[in-house]
Amino acid sequence: MNTPKTVRPTTPLLDRVLVPADMKSLSDDQLCQLADELRAETISAVSVTGGHLGAGLGVVELTVALHAVFDTPRDKIIWDVGHQCYPHKILTGRRDRIRTLRQEGGLSGFTKRSESVYDPFGAAHSSTSISAAVGFAVARDLGGSAGDAIAVIGDGSMSAGMAFEAMNNAGHLGKRLFVILNDNEMSIAPPVGALSSYLSRLYAAGPFQDLKAAAKEAVSFLPEPFQEGARRAKEMLKGMTIGGTLFEELGFSYIGPVDGHDLEQLLLLLRTVKARATGPILIHAITTKGKGYRPAELAQDKGHATAKFDVITGKQSKAISNAPSYTKVFGQSLLAEAIKDDKIVAVTAAMPEGTGLNIFAERFKDRCFDVGIAEQHAVTFSAALAAGGLKPFCALYSTFLQRGYDQVVHDVCIQRLPVRFAIDRAGLVGADGATHAGAFDIAFMSNLPGMVFMAAADEAELRHMVATAAAYDDGPIAFRYPRGDGVGVELPEAGVPLTIGKGRVLREGTDVALLSFGTRLAEVLKAAEALVSQGISVTVADARFAKPLDHALIVQLAKNHAGFITIEEGAIGGFGSQVAQLLANEGLFDQGLKFRSMVLPDTFIDHASPDAMYQAAGMNAPQIEAKVLALMGI
């Protein structure tokens, strides 16, 4: 009688991979199994935390191949932006914490040097990876840390000029380094521009299988018996005008296109170039954003950013709010103005939905311009639109406007051109953390000559500020507003232009004046109620403008109150500093005025909920109340 064999459950390979070195003992077939497990783990983790899903799913095979072939952390993998780094984090000793992604005290949603030795360079803004790789390569050759440098950059990020500046320098230096162009035809929004079309032609103009075979042979880096075939393959590619001549002219050896989901092909190719490369190599990998998870593959943004979701259905669990988001209010308000004025046009840098301009584009496609990840170009393009007689609204996140600051100064302000800057994600932004915080725009915009600078206290004020910007034609004007939902005030049917440089008083008092700039106003009003219950008479005013300041209102508040506090969602050097300068010039400090300014602390605040971040910054109602009591000596 035959005894049936006991089938023992197989331990998942992912359980055996605690660090990338554990992958060295796995066969190629096992690495394929590991990739499948890694994809499932990524989906499971993001379903719990929310976050950037699609980009990571698109690079699962590439992540496995890179860590299997290269020797991290000695070799340095630099993920551009970092949206796609979740699988990388799972493989590099952080799997036990992966369900803390973007949570307070948990893992960052991006690469972060302080988090792991496997994150050699922090990221969250695009197009920096090749510059970093060049730096690591030069440092290595001058006696710094050893190892190869590998930049993984998306086709969307390649639309930024910085990427080409770095490639030009890398080609000139001729250092050994690797750039992997992760071409999924999708950044956050569908990519735009001539470069995107060029990349599409690289693999659309000929039979993909022929290109795949040519790439498998690794072009010029193969052993001698195969080099003649490789040369013929390269000539075939050039003859079909799809051979990467742009990259070769920049000094790179070009290999591709390759199938970024064919792990066998990737392993062969990476092993070959690692053994043979002497100078800069560009590997062009075709991938699918959201690969392997049907709800992401079918989503318009390919699962770029999601809330928590059900793995089976893909249905997201989003908090229900009775108030519209500030971004939506901006988009709707701008559309209303554009219906009345055909000179109004809109410009964004790869963020049509993120800035609300998708609402505008649905009605006025020919008047809405997505220039790709190119904030510098967006600003100068807007300046010329204004010089040409149009009314451009340049809609950018605060953190990304930083990248176009020279153009704001040189191309807009010096020429006093009426560009309207809509600054989204102002203040602290929550789960994206310090890299995306809009902490500095008040300071760097309000110190520019001729700039008008506003901050919306609520969604109704935002609608009025859009109307104000549309009506203003005397020079540059900007308004800022935060991420997330409004406070629930009633929206006016139409925006009404505000008087430039004039604030408003919301409640009158006699002891202390609280002058708010931006959406801390709701917290200021809560603090005022608490103070009144303690017998302190409080005036609350909304400045509306950081430039020009409401001189008369500020002087009146200073003269009529013993204490005066400004509150803003920005770093030191902004609104409060402007007010302090005015008060000093007026000699009001000499008259015994007690003055304080509440600003974001001089540190980068890690990701958490917005409320927790403002608690850490000391800018919620109880802390405003405590600041008043301390000022008044109570």
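The values are calculated or read from the model by the stated rules, or taken from the named source; none is laboratory data. Please read these numbers as outputs of a predicted model, since none were measured by experiment. As a convention, Cβ positions derive from the backbone with ideal geometry for all residues, glycine included, and neighbour counts pool all protein chains shown.
Restricting attention to the range 526-537, and to residues there that are touching a residue at least 60 places away in the same chain (Cβ under 8 Å) and under 38 Å from the mean Cα position of the chain (by Cα), which single residue is farthest from VAL429 (Cα to Cα)? By that ranking, first place goes to ALA530.
Condition test on ALA137, is it of a type outside the set (D, E, K, R), in contact with a strand residue (DSSP E or B) (Cβ under 6 Å, 6 or more places away or on another chain) and either in the same structural domain as LEU246 (by TED's automatic domain parsing) or closer than 25 Å to ALA296 by Cα (or both)? Here the answer is yes, as ALA137 does meet what is asked. Based on what the data block shows, is ARG483 in contact (Cβ under 8 Å) with a residue 24 or more places away in the chain, of a type in the set (D, E, K, R) and crowded, with 17+ Cβ neighbours inside 10 Å? Spelling it out, ARG483 is indeed in contact (Cβ under 8 Å) with a residue 24 or more places away in the chain, of a type in the set (D, E, K, R) and crowded, with 17+ Cβ neighbours inside 10 Å.
Scanning the range 495-537 for residues that are farther than 30 Å from ALA470 by Cβ and of a type in the set (A, V, I, L, M, F, W, C) turns up VAL512, ALA513, LEU514, ALA527, ALA528, ALA530, LEU531, VAL532, ILE536. Among the hydroxyl-bearing types (Ser, Thr, Tyr), modelled with pLDDT of 95 or more and closer than 30 Å to GLN316 by Cα: does that describe THR72? Judged against the criteria, THR72 is not a match. As for the range 463-473, it holds at least one residue that is in a loop (DSSP other than H, G, I, E, B), of a type outside the set (Val, Ile, Thr), assigned by TED's automatic domain parsing to the domain that holds TYR397 and farther than 22 Å from PHE575 by Cα.
Matching residues to (1) in contact with a Cys (Cβ under 9 Å, 6 or more places away or on another chain); (2) at pLDDT below 95; (3) assigned to a strand (DSSP E or B); (4) more than 20 Å from CYS85 (Cβ to Cβ):
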residue: GLY109; (1), (2), (3), (4): yes, yes, no, no
residue: SER126; (1), (2), (3), (4): no, yes, no, no
residue: GLY135; (1), (2), (3), (4): no, no, no, no
residue: VAL138; (1), (2), (3), (4): no, no, no, yes
residue: MET158; (1), (2), (3), (4): no, yes, no, no
residue: MET162; (1), (2), (3), (4): no, yes, no, no
residue: ILE180; (1), (2), (3), (4): no, no, yes, no
residue: ALA189; (1), (2), (3), (4): no, yes, no, yes
residue: VAL192; (1), (2), (3), (4): no, yes, no, yes
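Would you be able to tell me the number of residues in the range 590-615 that are of a type in the set (S, T, N, Q), more than 22 Å from the chain's Cα centre (by Cα) and closer than 22 Å to ALA426 by Cα? The total comes to 2. Just one of (1) part of a loop (DSSP other than H, G, I, E, B); (2) in contact (Cβ under 8 Å) with a residue 12 or more places away in the chain fails for ILE312. It is (2).
Summed over the range 317-340, the residues that are farther than 30 Å from ASP366 by Cβ and either of a type in the set (Gly, Ala, Ser) or in contact (Cβ under 8 Å) with a residue 24 or more places away in the chain (or both) give a count of 5. Going by what's in this entry, would PHE381 be described as touching a residue at least 12 places away in the same chain (Cβ under 8 Å), in a helix (DSSP H, G or I) and among the aromatic types (Phe, Trp, Tyr)? The answer is yes for PHE381. Scanning the range 126-140 for residues that are hydroxyl-bearing (Ser, Thr, Tyr) and crowded, with 24+ Cβ neighbours inside 10 Å, we see that the one that is nearest to MET162 (Cα to Cα) is SER127.
From the list VAL512, VAL540, the one residue that fits, being touching a His at 6+ places or on another chain (Cβ under 6 Å), of a type in the set (A, V, I, L, M, F, W, C), surrounded by 15 or more Cβ atoms within 10 Å (Cβ to Cβ) and in contact (Cβ under 8 Å) with a residue 24 or more places away in the chain, is VAL512. Taking the conditions (1) free of Cβ contacts under 8 Å to residues at least 60 places away in the same chain; (2) touching a Phe, Trp or Tyr at 6+ places or on another chain (Cβ under 6 Å); (3) not hydrophobic (A, V, I, L, M, F, W, C) in turn, GLY389 satisfies each one other than (2).
Return only the number of the condition from (1) modelled with pLDDT under 50; (2) surrounded by fewer than 19 Cβ atoms within 10 Å (Cβ to Cβ) that ALA215 does not satisfy. Of everything listed in (1) modelled with pLDDT under 50; (2) surrounded by fewer than 19 Cβ atoms within 10 Å (Cβ to Cβ), ALA215 misses just condition (2). Taking the stated definitions as given, is ALA40 in contact (Cβ under 8 Å) with a residue 24 or more places away in the chain, in the same structural domain as ALA163 (by TED's automatic domain parsing) and part of a helix (DSSP H, G or I)? So ALA40 fails the test. Residues in the range 420-460 that are assigned to a helix (DSSP H, G or I) and either in contact with a helix residue (DSSP H, G or I) (Cβ under 9 Å, 6 or more places away or on another chain) or not assigned by TED's automatic domain parsing to the domain that holds ASP341 (or both): 11 in all.
Among the conditions (1) within 30 Å of GLN615 (Cα to Cα); (2) part of a strand (DSSP E or B); (3) of a type outside the set (Phe, Trp, Tyr), SER116 misses just one, which is (2).
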